[in-house]
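Okay, structure first, notes after.
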């Protein structure tokens, strides 16, 4: 049976259609459900095998991107979300969804780190919204979404608050040691970005584009692999007519259907 | 301000932990661009004020969990007492560190404040009543006088239209209730003489002329009564230029110069019908599904879907509050597309500003600096488009001193819908349903209210004339309305734009009739008079006609998507528009008079001969010593030609996943595309569409008639360059003009409208929508009123059957051949060559627009379809040299170019021409390409090289040799070795 994805839809969510398309190509069905419908308990979370927090501007980024939706999650759905995460089901938060996962403490999710909120996604170092294609190197072998991915992923970023920041560099080392760094910004040939704009588009520490929880089932990332699931979407299709954003979704969907 | 006895007010100051806070650094850079070098450091901090029965633990909880990010910020909490003890913080002129605080005026939309209240309640603080937000700036430097601080505050840190500021600490103002009132005034028109009638029109800022006032007076006589204020206001709005386009619908008597070689009709009985609309009729394209009858033009797309397109201007609001003006400009045009039951899928923006480097001393009184207007407008478009999740994919930015006081902001929106999904079946008995935002005093009668803004200290609600938009509310409208459309829940739809409910409901009820109860309209705050509710231009509202049986389903949908829905009345079959306020009938107008009673205007147009005739050229002898290298670099660095990458990357052009040709293309994704190509994911076919535009006010200054031909050709040719089928290109017109009561201005308009007709018919490209903005005039430093140059934006929407035939402009393969194709007839009239070196301007006429162009485009399209074209770029500003440079920069490949021995190098390189492309063709496609194009002018002019140089040769002589690095540095406005002067 096709795994079913639950796509959370808040006021201001806008890349729900893009990720639904990617999941469909990867072999999952999906339902996009408004928060209010979830608050009214009209949906059984347990009917779904994948949870998606898509991109957009939930609550218009008021008080910091993702902050208010994170508050909603903690207030209304903490039990359902925790159950989903604890069950080891694939969870992905893209762009605004990543911001929500971080600001609600679900990511990085290490207890030692979460106790006193040590990670955040803040304003891009360039003080600008930034829309451009970037190259990502899948790193984590613990993360079920990036495990065994070998090819560089090309896809766009489109965000103003994607600068992944930790209070100390030690915490970044911890993430690295625990294999929680899922994706990093690199040059198109795979060489490290080294913090240099625009290869690293926002100033994120250690070029981090995405991280996972210690369990490896929750992935948060700023870039949009869901916008490179057809060759026509790529500005480099003449040289590389691929759909390099798709394998990550195939990984998540395959995991969901196997478990 | 007074605070209720029990309510406490807490202030939260949120500070970035890092010294390198990007936002603060951005403000510092802005002060330096305004030459305020005394300021050496700025710290920008967020202020939040909350009011209610809070205690300290509540405040600490808000601070910890809501108002700051503990990783990057720290927060300071103060319980405020009034008057503020520290109101004079840092008020000593001799200190090196001083404070300015800024807050929104009450009544201005503050979505963050609304969310603080909602989130506070979620956090278990139900006593939190209200909130407001602000900014604190701590300025450091030497010589920080009060005068300097006021200058910085007014010029940069705040905008009086929507904000107040204080040197030191600001006292917060919370939106408080005012007395509700139902006052309806009577407007006495019967018995007034001409002067009296005009006095009423002027006092109520109705902009109605004497003939129109007479028509209203006659109506009062017929109905044997006076009008209420709401009736008069509705008439003024319904009959406004904005809503009925009376200039374009006017009769025009034309006076031409007998020696003018061009000929124009001596009389138009209806300018619009005889020019723009006549062209659409004559072209008679069967793929046009709707033109000029709805909120947006509609064309056939892929067999099962239709595309809608509309472009609007929002000039005056953007001049006084750039962020809000552009923000609500894009919001408004998106609603036009929602108003034809489509889902918005792409946005365009074309902007005209004064020069960014204008010295402060040359800035007219009361005008914002062009740099500030530009950054505010771009931020406003970014905010709305990105938050709506609509890719902003096409645009242009044009700089000219004539736009300093009167910038232009053109915003466009494209929508996609299943074919025939926009219903027009308002049925008597249908409910009049308002969806979306609440109604406030927003935008009432434009600018009047900004000058009448109450003193914030009184705590009264001000009616700011420009609003900040709330894109997420509008996003909710799209979410709900696409579902409601698919379920067939409504019979008709229209948007609330200018004129608000009066215009939207009035239009929907114009055939049959309608009754509205104003007491049911949801208000942002009480205290609005009936006419204010009816006329309010509050953003993010749509009106739909809903049969009673569908109300429950619609209400459920709205509840799930958290969109407010209000039932304000019913459509009727009475032939009258009636509005109630409680039990009182406050408006009762005959539809026939309301919508058809306006007398036609009559204008005079004087057409002057252009100073230089089209195609008129002069000898270039004496120009032989022009430095070609320097000229090319200066052209590339010119603000109109230079890279717009920084702005383009502020806009999300990827969301919705359909952007095939992006605004930037090439090896490093930084080449300037001629247009954008979108393949909507919702379409099951390979169909795609192109968006492009044409605009050239520099040409408009010389000859509005020829300018019009040239910009239509430009928009069309850009679409063709990207791969659009030339027989499937529709265009839109947007005129920004001066005061049409001045015969020369009207003469310019007639020339342009006539050329629109002729060119559209010749290119067989129908106009499907358009808009005009008049009275774009300003007081010059010479004390005289000046009109902006005649500015016509042509936006093109072209369809292609397969996205795979789309073409980008970057050179792709070393060794390929470069062809210059089309009728190459370069001239210097209105050229950018003249702009970069005005002291040595070459005074000529505008370029020809060859009549062969449309046939040539069709032939070239065949070559594109057969995949014979590897790259294509049109020749436009800066001519052949700039086009070559752009293709080389985009592909990071060199070129060796050869111009003819008989050519004048300067003219060939920098003269401007219509109807030409530079194309890359691989050697294996050479003969196929040349065969296909054999009937047209095709010149093999060069070769793509792997080295990083452009070389132009004439015979054996190299006349220009320049590295791509130098070109890129100039074009990206980086430092150039040796400089340009």
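Odds and ends about this structure:
- Residues within region A:127-149 that are touching a strand residue (DSSP E or B) at 6+ places or on another chain (Cβ under 9 Å), assigned to a loop (DSSP other than H, G, I, E, B) and at the interface with chain B (Cβ under 9 Å from one of its Cβ atoms), tallied: 1
- Screening residue A:152 on (1) in contact with a helix residue (DSSP H, G or I) (Cβ under 7 Å, 6 or more places away or on another chain); (2) more than 13 Å from chain B (Cβ to nearest Cβ); (3) surrounded by fewer than 24 Cβ atoms within 10 Å (Cβ to Cβ) shows it passes everything except condition (1).
- Assessment of region B:873-880 against the conditions (under 17 Å from residue B:633 (Cα atoms) and part of a helix (DSSP H, G or I)) yields at least one matching residue.
- Applying a threshold of 7 Å to beta carbon distances and a minimum spacing of six or more residues, or different chains, the list of pairs starting in region B:71-93 at a residue that is away from chain A (no Cβ under 14 Å) and within 23 Å of residue B:146 (Cβ to Cβ) and ending at one that is part of a strand (DSSP E or B) and at pLDDT 70 or above reads B:89/B:99; B:90/B:97; B:90/B:98; B:90/B:99; B:91/B:167.
- Put simply, of B:810, B:782 the only residue that is in a loop (DSSP other than H, G, I, E, B) and touching a helix residue (DSSP H, G or I) at 6+ places or on another chain (Cβ under 9 Å) is B:810.
- Candidate set from region A:227-245 (those that are within 12 Å of another protein chain (Cβ to nearest Cβ) and touching a helix residue (DSSP H, G or I) at 6+ places or on another chain (Cβ under 7 Å)); member that is surrounded by the most Cβ atoms within 10 Å (Cβ to Cβ): A:227
- Of all residues in region B:558-584 being in a strand (DSSP E or B) and over 30 Å from residue B:597 (Cα atoms), the one that is farthest from the other protein chains (Cβ to nearest Cβ): B:566
- Scope region A:23-36; condition more than 10 Å from chain B (Cβ to nearest Cβ) and part of a helix (DSSP H, G or I); matching residues: A:23, A:24, A:25, A:26
- Residue match in region B:738-758 (condition: away from every other protein chain (no Cβ under 14 Å), assigned to a strand (DSSP E or B), farther than 25 Å from residue B:913 by Cα and more than 20 Å from the chain's Cα centre (by Cα)): no
- Filtered residue count, region B:76-101, keeping only those that are surrounded by fewer than 20 Cβ atoms within 10 Å (Cβ to Cβ) and either at pLDDT 90 or above or assigned to a helix (DSSP H, G or I) (or both): 6
- Among (1) crowded, with 18+ Cβ neighbours inside 10 Å; (2) away from every other protein chain (no Cβ under 14 Å) - the single one residue A:258 does not satisfy: (1)
- Taken over region A:204-217, the criterion of being more than 14 Å from every other protein chain (Cβ to nearest Cβ) and farther than 16 Å from residue A:138 by Cβ is satisfied by A:213, A:214, A:215.
- Condition check for residue A:58: crowded, with 21+ Cβ neighbours inside 10 Å, within 14 Å of chain B (Cβ to nearest Cβ) and either in contact with a helix residue (DSSP H, G or I) (Cβ under 8 Å, 6 or more places away or on another chain) or within 21 Å of residue B:112 (Cα to Cα) (or both): yes
- Summed over region A:68-109, residues that are farther than 27 Å from residue A:130 by Cβ, away from chain B (no Cβ under 14 Å) and assigned to a helix (DSSP H, G or I) total 8.
- Boolean, residue B:237 is within 30 Å of residue B:725 (Cβ to Cβ) and assigned to a helix (DSSP H, G or I): no
- Selected residue (criterion: nearest to residue A:130 (Cα to Cα)) from residues of region B:642-657 that are more than 8 Å from chain A (Cβ to nearest Cβ), part of a loop (DSSP other than H, G, I, E, B) and touching a helix residue (DSSP H, G or I) at 6+ places or on another chain (Cβ under 8 Å): B:643
- Residue within region B:522-538 that is in a strand (DSSP E or B) and either touching a helix residue (DSSP H, G or I) at 6+ places or on another chain (Cβ under 9 Å) or at negative phi (or both) present: yes
- Here residue A:39 passes the criteria (1) surrounded by fewer than 22 Cβ atoms within 10 Å (Cβ to Cβ); (2) farther than 21 Å from residue A:218 by Cα; (3) within 8 Å of chain B (Cβ to nearest Cβ) except the one numbered (3).
- When region B:89-128 is filtered for residues that are out of contact with any strand residue (DSSP E or B) (no Cβ under 9 Å at 6 or more places or on another chain) and farther than 30 Å from residue B:536 by Cα, the ones remaining, listed by number, are B:93, B:94, B:95, B:122, B:123, B:124.
- Meets criteria (at pLDDT 95 or above and loosely packed, with under 13 Cβ neighbours inside 10 Å) for residue B:218: no
- In region B:666-679, residue nearest to the other protein chains (Cβ to nearest Cβ) [restricted to those that are over 19 Å from residue B:637 (Cα atoms) and buried (at least 24 other Cβ atoms within 10 Å of the Cβ)]: B:679
- Some residue of region B:609-628 being out of contact with any helix residue (DSSP H, G or I) (no Cβ under 7 Å at 6 or more places or on another chain) and outside any loop (DSSP other than H, G, I, E, B): no
- With respect to the conditions (1) surrounded by fewer than 20 Cβ atoms within 10 Å (Cβ to Cβ); (2) more than 14 Å from chain A (Cβ to nearest Cβ); (3) modelled with pLDDT under 90; (4) under 27 Å from residue A:58 (Cα atoms), residue B:127 falls short on a single one, namely (3).
The values are calculated or read from the model by the stated rules, or taken from the named source; none is laboratory data. Note that the structure is predicted; figures quoted are calculated from it, not measured. With ideal geometry, Cβ positions are generated from the backbone for all residues, glycine too; neighbour counts draw on all protein chains shown.
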